[in-house]
Amino acid sequence: MSNRKRNTIQCEIFKNPNQAWLEEAWCDLEQRSTGNFFLSWLWIGTWIDNFVNEFYVIEARLNNKIVGLGVLVKQPTKYPLSAIKTKYYLHRTGRQDLDQVWIEYNDFLVDAENEESIRVAMAKRLVNELDRLDAIVIGASDEDRFSCINEFGLKSRKIWETANYALDLDELRDKKISVLESLSRNTRSQILRSIRSYEKIGAISINKACSIDAAKEMLLQAKPLHLARWKNAGIKSGFTNEKFVAFHEKIIERGVENKVVELNHIKVGNET
């Protein structure tokens, strides 16, 4: 019998657990977490259904209650002379064509009450599971979110970084301030000037897709614009990848009717 201490976080790793169990456990924990859209079951479940056959789940429990979950995909390195033998990808597959759906703000899904200590315990358990030639690949995440891994003997490697911006709409609602009022005087002036310029072409309208078919049609309308946007960027648009398109169509199918996903078409007169 294992000697488990009360009030300590216990972590275990399972291979290919029952997906019905995982969905129920994930959705329950999601209600107790501060996780973002990319850690919702809508995203994670759709990702597993579309791209993942074999995976590992790391689970954290506190007093026999699930307080942390993460899904990892194991990929041996293709290069025999590589210093790394195996890579474990968190909520990614390690395949460029499948990972082009671009998960952001990656993290374990953790209970908001003990967020940092749960993350540290899960990271430590994962590191202890690895061979010395293995690697953990997180992907796009908030800076220092996994800095604790350095304390467990691993060396971190940052591939790229970019600035990220956020606006707390709940705070504006509480203060009864509009988005425009929250901006600087100069920014407000520029926006109002742009609106007046657009209105010379025609009335500004926003059309929200109210059905799955309408949302898919908007996705299709976005295709040529997205292709043009990424034409000279060195990275091809996801619309050249049928797996990318299929994933987003499935997200739309599962998310529009319950109002988790929303697509809008903004026009000036008849022009997008």
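The values are calculated or read from the model by the stated rules, or taken from the named source; none is laboratory data. Bear in mind the structure is a predicted one, so any value in this text is a computation, not a measurement. In this analysis, Cβ positions are derived from the backbone assuming ideal geometry, glycine residues included, and neighbour counts consider all displayed protein chains.
Mind checking whether some residue in the stretch 140-152 is of a type in the set (A, V, I, L, M), closer than 22 Å to ALA60 by Cβ and over 17 Å from the mean Cα position of the chain (by Cα)? Yes, the stretch 140-152 has at least one match. Among the residues of the stretch 226-244, those that are of a type in the set (A, V, I, L, M, F, W, C) and within 20 Å of VAL261 (Cα to Cα) comprise PHE239, PHE244.
For the stretch 68-105, a residue qualifies if it is modelled with pLDDT under 90 and among the hydrophobic types (A, V, I, L, M, F, W, C), and the qualifying residues are LEU81, ALA83, ILE84. All of (1) farther than 19 Å from SER141 by Cα; (2) hydrophobic (A, V, I, L, M, F, W, C); (3) in a loop (DSSP other than H, G, I, E, B) hold for ILE103 with one exception: (1). Residues of the stretch 252-272 that are β-branched (Val, Ile, Thr) and either without any contact (Cβ under 8 Å) to a residue 40 or more places away in the chain or at positive phi (or both): none at all. Counting residues that are under 20 Å from the mean Cα position of the chain (by Cα) and surrounded by 12 or more Cβ atoms within 10 Å (Cβ to Cβ), which helices (runs of 4 or more DSSP H) fully inside the stretch 158-272 reach at least 1? Ranges flagged: 212-229, 242-255.
Return yes when ILE84 is surrounded by fewer than 19 Cβ atoms within 10 Å (Cβ to Cβ), part of a loop (DSSP other than H, G, I, E, B) and β-branched (Val, Ile, Thr) and no when it is not.
yes
Considering ILE84, ILE66, the condition of being in contact with a Leu (Cβ under 8 Å, 6 or more places away or on another chain) and under 25 Å from ARG157 (Cβ atoms) is satisfied by ILE84 alone. Within the stretch 19-36, the set of residues being at pLDDT 95 or above and not charged (D, E, K, R) comprises ALA20, TRP21, LEU22, ALA25, TRP26, CYS27, LEU29, GLN31, SER33. Here the condition is being surrounded by fewer than 20 Cβ atoms within 10 Å (Cβ to Cβ), among the polar types (S, T, N, Q) and over 21 Å from the mean Cα position of the chain (by Cα); of ASN50, ASN64, it holds for ASN64 alone. Here is a list of conditions, (1) under 17 Å from GLN100 (Cβ atoms); (2) in contact (Cβ under 8 Å) with a residue 60 or more places away in the chain, and ILE206 meets all of them except one; can you say which number that is? Answer for ILE206: the failing condition is (1).
Annotation: of all residues in the stretch 114-171 being in contact with a helix residue (DSSP H, G or I) (Cβ under 7 Å, 6 or more places away or on another chain) and aromatic (Phe, Trp, Tyr), the one that is modelled with the lowest pLDDT is PHE152.
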